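Working notes, beginning with the structure itself.
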Amino acid sequence: MKSTIKLIAIIFTSGVLISSCKKNDTMSPTVYYEQQDQMGRPGINTVFVADVADKETFNVTTPSLMGAAFQSKFQARLSALNPGYTVNVLGLDNTTFTSVLATDVLNVSTTGPTKFFTSTTDYLTGRGLADDVIDNELTLIFGGSTGASNPGLTSDHVNANDKVFLTSFPYLASPW
Amino acid sequence: MKKKKMHIAAIVAAFLIVAGILYAADHIDAPTVTNQSTDITDLYVFRAQDPNNLVFVANSQGLASPGNTASLKFDANTLFEFNIDKDGDNVEDLVIQCKYDAASNKIQVYGPVVPSMVGTRSKLEGNMSAEVGVTPYGGSAIIGTGSTGIKVFAGPRDDPFFFDFNKYKEILAGMATGFANPGTDTFAGTNVLSLVVEVPKSLIGASGNINVWLEAKKKI
């Protein structure tokens, strides 16, 4: 059903493009690309968007519109994951934390080191290959104000990749 | 009728999740992109070995076993686009676009360039800034270098993501109360299709903080 609607939308859109090109048939038609997937920070759609239809919507919502569309749903999801949530180790209450998360962009420093989480005063400066982003996120969701609450849920105890990264370009390890 | 349909959809969705479909960093995160060339698995952005450069990594088509890796292919109808916001409004001020050219079996990089349109629809912007032949499975990494100092790699790599995702799903389903120690990396021994683009910071022209997100777009 959904794919039918999508198909109709695509046919309709292509029709409009083709007819507009007829007015100027000396130019080759411009090729357009329509969004299907996106991500900023790791695991956000996976963890905080519970509903399958919302997962699709999240993938095609531009970041400047994400906060308004998803913050309250993220807050409900956070409460479902951790009913005892008050503040996390960054001191963010549930509204503030989910406001940050719902706008799914990766913050990157252009001047200093880049790491997902270094300390409670130095975080979100990029994402390196070896960063244990899952433990970082689990701690922010489940660890409470000290990071020590719910100790069974704040680390998956997989702390590194299964291959060593390269120090030079292209940095990622060769395939298995 | 409509209600019934939605009910069935909910049951199917619940079944899919319980049956163990993997949704992880961004691996297979929604039905439209599952098993498609547009399925992003991960985005990484980090300072390069040369601290004057930034590295942008776009991984897609995850969970490939070694036996399936040789068949991973870039798609000429898929555009990967790194979006860069420089002024904190979460609207892209620059894009770096990566497009596969089937005739030459190369990935072509456009930008960083100010896009003429923003949002969910894009077209190629400006001129090609670098290109590279796709590294075949088992081959040594081919590195392309553009005239502006951009480096590019395209081909299969080990999936750098690590997570005991199966245990996480058990916890969500109420079948476990916590993670195991040691955990088991669900992504161990699996590969992804990688695009790695290293860009001189001078081409981005920001000093301080930028916001980056990755989009996968399909030709219409």
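The alpha-carbon atoms of the protein assembly as shown define a convex hull whose volume equals 148 cubic angstrom per residue.
Taking 17 Å as the straight-line reach from the Cα of B:Lys123, the aspartates and glutamates in range (excluding those fewer than 8 positions away in the same chain) are A:Glu34, A:Asp37, B:Asp75, B:Glu81, B:Glu92, B:Asp93, B:Asp101, B:Glu215.
A 1.4 Å probe run over the protein chains yields, for the range A:39-161, 36 Å² of accessible area per residue, whole-number rounding. Placing a pseudo-label 7 Å from each Cα along the Cα-to-Cβ vector at B:Asn77 and A:Asp162 gives an inter-label distance of 3.2 nm. Spin-label pair B:Thr120-B:Ser147: with each label point 7 Å from Cα along the Cα-Cβ axis, the two points sit 3.8 nm from one another.
For the range B:88-103, a reduction of at least 20 Å² in accessible area between the chain on its own and the assembled protein chains (probe 1.4 Å) is found at B:Asn90.
Over the protein assembly as shown, what percent of the accessible surface lies on carbon and sulfur atoms, probe 1.4 Å?
On the way: 10080 of 17170 Å².
Its accessible area is 59 percent carbon and sulfur atoms.
Other residues within the sphere of radius under 15 Å centred on the Cβ of A:Lys115, judged by their own Cβ, net out at -2 (K and R +1, D and E -1). With a threshold of 24 Å on the Cα-Cα distance, the over-threshold entries among A:Lys115/B:Lys106; A:Lys115/B:Lys201; B:Lys73/B:Lys217 are A:Lys115/B:Lys106. Our helix-only sum for chain B, with -39,500 (n - 2.57) per DSSP H run of n ≥ 4 divided by its residues, gives a mean residue ellipticity at 222 nm of -4000 deg cm²/dmol.
Chains B and A: buried accessible surface, both sides, probe 1.4 Å, rounded to 100 Å²? Numbers along the way, then the final one.
Details: alone 12340 and 11840 Å², together 17170 Å².
That pair hides around 7000 Å² of surface in total.
Calculate the FRET efficiency for B:Ala173 and A:Ser79 from the Cβ-Cβ distance with a Förster distance of 22 Å, rounded to the nearest 0.05. Let's see the in-between values first.
Working: r = 18 Å, r/R0 = 0.83.
Using R0 = 22 Å, I get an efficiency of 0.75.
For the set A:His157, B:His27, the ranking by accessible area, highest first and with no ligand, DNA or RNA atoms included, is A:His157, B:His27 under a 1.4 Å probe. Remark on the range B:27-73: accessible area falls by at least 50 square angstrom from chain-alone to full-complex state for B:Asp29, B:Thr32, B:Leu43, B:Tyr44, B:Val45, B:Phe46, B:Arg47, B:Gln49, probe 1.4 angstrom. What the Cβ-Cβ distance of B:Ser104 and B:Ser65 gives, at R0 = 30 Å and to the nearest 0.05, is a FRET efficiency of 0.60.
The values are calculated or read from the model by the stated rules, or taken from the named source; none is laboratory data. On a predicted model such as this, the values are computed, not experimentally measured, just so you know. Backbone-built Cβ (ideal geometry, glycine too); neighbour counts: all protein chains shown. What goes into the accessible areas is simple: the full protein's heavy atoms, side chains included, and nothing from ligands, DNA or RNA. Shrake-Rupley method; radii C 1.70, N 1.55, O 1.52, S 1.80 Å.
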